[in-house]
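The values are calculated or read from the model by the stated rules, or taken from the named source; none is laboratory data. Predicted model, so just to flag it, every value in this text is computed and none were measured. FYI the Cβ positions are ideal-geometry reconstructions off the backbone, even for glycines, and counts take in every protein chain you see. Areas reflect the complete protein model, heavy atoms only, side chains present, ligands, DNA and RNA absent. Shrake-Rupley method; radii C 1.70, N 1.55, O 1.52, S 1.80 Å.
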Amino acid sequence: MISRLKNALCSVRTPLLLSLGLSSFASLANHQYHFENVLGTSMDITIYGAEDEQIDTAVGVLSNKIQVLEGTLSTWQLDSTINQLNQNLVIPNQSKELTEVLHLCENWHKQSGGKFSCRMGLIRQRWLEAENTQTLPDRIEMRHFARDIQKRENPISLTAEELHLAKNIQMDPAGLAKGYIIDIGMRTLRELLPSATGIKLDIGGDISFWGIPENKTHWKVGLGNYIDSTDSHSNSYIEISNHAVAASGHLSRFYQIERRKFSHILDPNEGWPMDSAPSAIVIANDATTADAVATALSTQKASKGIEWVNSLPGVEALVRSSGIAVMSDGWHRFVPSSSQQDYQHEENVYIEYQIPSIDTAKYHRPYLALWISDLNNNTVRQLLLLGESERWAKENNRWWRRVGRKLPGLLDAVARPTRLPGKYHLSWDGLDDQGKSVKSGEYILHIEAAREGGGHDYQKVRFDTRNMEHVIQLRPKGELGQITISQSAGNLLSANL
């Protein structure tokens, strides 16, 4: 069923609720289209600034193009081109789109260190069979099978005439195919609608935005709560233009075997469903990248995923694990100033901390916790946690009493490997652990370190985000080196000269 909605004269409209908890808002939309049963979900299109007849033609061309692409890339259509390749291991090289998608799959497999994988077709098939027979697979066997698939080099080969697939490999490009189709769809609309001033193309909650809405400077995208409907920050939103947004999550889809539910997100190296897989919202310059990165973030620890995102140009992400939101370095750029409440300053709070070099026969890297609280010692933001062992993390007893024991999943969300002696930098963007802006004012930075076979030290310093003209420094103390706080990264360098 296809329904077309024209709201050019309507001053108020109900927001569309999108999958994975994303919602998008626009007012006085010139043209809106809604399609059901597109890529197994729905498609919504909003267009500003173009003529009716041009839009009708463009949307018709887009719909036909998406149907063709679905027939090429969908693993749910038995006669699709990719299913023919999976079944026969060789097909004529006739589809430019399939070739591009398979190359993108392998590129992201390499770029993500195997955390993104389109090679999971046979693994997913085994889990579907397990659900049908209600028999849990053997975990060790699945691990060996998955790792054999993962370590294959060049599973796809291409000649001028044929496309070949290695034995025991079945490709499932679902992790980026939707984003790829959205990108083609957006290019199609822009080519056919040169007079358009703003376009939003949304398929199942993955969205590409171009231009701007009428009388606006950005598109407003509500983040919603894609994990827990009781989240008090579900009204948070971001503002973007000429970007794409994709989300990943695992609550709505699962394999059920007897009374147990297993996430549909599979660890590529284990062939086994992720336990408490992180969920993510990703902003990127194109929908393919946003889709692939969001998928990869669901198969690894939040802290490692964000560290990876910070290395990707033009990509930002918010990852949530165990109720903790972890944001990439540039995420705050998309948080509108109107949602910042009383948080007035525009710059981050920059922190330099040092792990001192200690002369000892057997040196163990320290376990270190760094967090921010209000003046009543209520935790505002966990900034850093070095040390992934709960046993030794508890040695930072102040951190454990005030933060760690209250958030049992914190190690999985933010902990990183311990580090060698040296100087390190991080920043606070004025957001709390749930990703919501906090008020400007006075806060306390806490830093605590414990070392196996060594000492235990704790320091704290009070600072005011409304008045940070001067650099604040704490002298070294035992397991803690010098700590410097500033509202300018350049001031940190000056303080060390």
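Selection within the range 209-219: residues that are closer than 20 Å to VAL282 by Cβ and open to solvent by 10 Å² or more (accessible area, probe 1.4 Å). The member of this set that is modelled with the lowest pLDDT is HIS218. Only one entry of ARG119, ARG139 meets the criterion of being under 21 Å from TYR255 (Cβ atoms), surrounded by 14 or more Cβ atoms within 10 Å (Cβ to Cβ), basic (Lys, Arg) and in contact (Cβ under 8 Å) with a residue 12 or more places away in the chain, and that entry is ARG119.
Within the range 41-67, the residues that satisfy the criterion of being outside any helix (DSSP H, G or I) and either in contact with a Cys (Cβ under 8 Å, 6 or more places away or on another chain) or among the polar types (S, T, N, Q) (or both) are THR41, SER42, THR46. Go through the residues of the range 370-388 one by one and say whether even a single one is at pLDDT below 85 and not in a strand (DSSP E or B). Scanning the range 370-388, I find at least one residue that is at pLDDT below 85 and not in a strand (DSSP E or B), so the answer is yes. Mind counting the residues in the range 389-438 that are crowded, with 19+ Cβ neighbours inside 10 Å, modelled with pLDDT under 80 and part of a strand (DSSP E or B)? Summing the residues that are crowded, with 19+ Cβ neighbours inside 10 Å, modelled with pLDDT under 80 and part of a strand (DSSP E or B) in the range 389-438 gives 2. When ASN86 is tested against the conditions (1) more than 23 Å from ALA290 (Cα to Cα); (2) at pLDDT 95 or above, the lone failure is (2).
Would you confirm whether any residue within the range 151-170 is assigned to a strand (DSSP E or B), farther than 23 Å from GLY249 by Cβ and polar (S, T, N, Q)? Yes, the range 151-170 contains a residue that is assigned to a strand (DSSP E or B), farther than 23 Å from GLY249 by Cβ and polar (S, T, N, Q). Just one of (1) within 27 Å of the chain's Cα centre (by Cα); (2) surrounded by 15 or more Cβ atoms within 10 Å (Cβ to Cβ); (3) farther than 23 Å from GLY179 by Cβ fails for ARG152. It is (2). Across the range 302-326, the qualifying residues are those that are charged (D, E, K, R) and not in a strand (DSSP E or B), and the one among them that is surrounded by the fewest Cβ atoms within 10 Å (Cβ to Cβ) is GLU307.
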